[in-house]
Amino acid sequence: MEQRKCLDCGEPLKGRADQKFCNDLCRNSFNNKKLSGSTNFMRKINRILKLNHSVLETLNPEEKTTTFKSTLEKQGFNFNYYTNVYTTRTGRIYYFCYDQGYAELENNKFMLVKKEE
């Protein structure tokens, strides 16, 4: 029978048959290495999306309001990142950051909305 080894440090494992790591330190180390590469990019995008959501939520406490593009930009809003797009029957396009959305109106004005659950 082949001896099982820790996936992080390679030490022989003793104990449960489904054990993969010799201790919590090795488990954490292995998972941190596994997640570090591509997830740094994902973390950066998630940080931007969370900031966008927070800005929209702060400026839209009543679930529907209007504001100006300059107000959004001053708060650090990034218009390049959103989670989904919704187009109404009339053709108005809403960009959403999770449950908070916005649509561009005329004269750099934006309508802010909250998606109903």
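The values are calculated or read from the model by the stated rules, or taken from the named source; none is laboratory data. Note that the structure is predicted; figures quoted are calculated from it, not measured. Cβ: placed from backbone, ideal geometry, glycine included. Neighbour counts: every protein chain shown.
Observations, loosely collected:
- Only one of the listed residues (Phe68, Phe41) is of a type in the set (Phe, Trp, Tyr) and modelled with pLDDT of 95 or more. That residue is Phe68.
- Residue count, segment 35-70 (criterion: out of contact with any Phe, Trp or Tyr (no Cβ under 8 Å at 6 or more places or on another chain) and either under 18 Å from Tyr98 (Cα atoms) or loosely packed, with under 11 Cβ neighbours inside 10 Å (or both)): 22
- Scope segment 77-117; condition of a type in the set (Asp, Glu) and either under 15 Å from the mean Cα position of the chain (by Cα) or within 12 Å of Thr67 (Cα to Cα) (or both); matching residues: Asp99, Glu104, Glu106
- Residue selected from segment 10-27 under the condition of a type outside the set (Phe, Trp, Tyr) and in contact with a Leu (Cβ under 9 Å, 6 or more places away or on another chain), by the criterion surrounded by the most Cβ atoms within 10 Å (Cβ to Cβ): Cys22
- Leading residue by the ranking (nearest to Gly76 (Cα to Cα)) among those in segment 1-38 that are modelled with pLDDT under 90 and part of a helix (DSSP H, G or I): Ser38
- Hey, Ser70 closer than 26 Å to Leu105 by Cα, in a helix (DSSP H, G or I), in contact (Cβ under 8 Å) with a residue 24 or more places away in the chain and polar (S, T, N, Q) or not: yes
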